[in-house]
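One structure is given below, encoded as C-alpha cells.
What follows draws every value from the coordinates through simple rules; no lab data is involved. All values reported here derive from a predicted model rather than from experimental measurement. Using ideal geometry, Cβ is built from the backbone for each residue, glycine included, and neighbour counts are taken over all protein chains shown.
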Amino acid sequence: MYFDDHPPPHFHAIYGEYEAKIGIDPVGFLRGSLPPRAAAMVIEWAVYHQQALRLNWHLLETDQAAHKIEPL
C-alpha cells in the first residue's frame, strides 16, 4: 500500500517482473497479473489478512502509520 494511493482500497503485489493491483474488498485482481502459483498465494494471503488490510487502508487514508502485516 502507498500512503497517497487512491480508492478503491487495494495493495500492490510484485513478483519478479510481474506486478498486480489487488483489491481488498472484495479480494481480487484489479489490474496486472502474476504467475498462477504466485497469484493463488497472494489471494490466499489477502483473504487471510483482509481485516488487517482494511485497517491499514483506513490508517493510511487518515495520515496514520500502517501496521506491519506478516508477509507470505
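Every condition in (1) within 11 Å of the chain's Cα centre (by Cα); (2) crowded, with 16+ Cβ neighbours inside 10 Å holds for L34 except the one numbered (1). Restricting Y18, Y48 to residues that are surrounded by 13 or more Cβ atoms within 10 Å (Cβ to Cβ), without any contact (Cβ under 8 Å) to a residue 40 or more places away in the chain and over 12 Å from the mean Cα position of the chain (by Cα) narrows the list to Y18.
Flag: E70 does not match the condition of being surrounded by 11 or more Cβ atoms within 10 Å (Cβ to Cβ), free of Cβ contacts under 8 Å to residues at least 24 places away in the same chain and among the acidic types (D, E). Identify, by number, the condition in (1) in contact (Cβ under 8 Å) with a residue 24 or more places away in the chain; (2) out of contact with any helix residue (DSSP H, G or I) (no Cβ under 9 Å at 6 or more places or on another chain); (3) crowded, with 17+ Cβ neighbours inside 10 Å that A39 doesn't meet. Failing condition for A39: (1). Within segment 1-45, the set of residues being more than 25 Å from T62 (Cα to Cα) and acidic (D, E) comprises E17, E19, E44.
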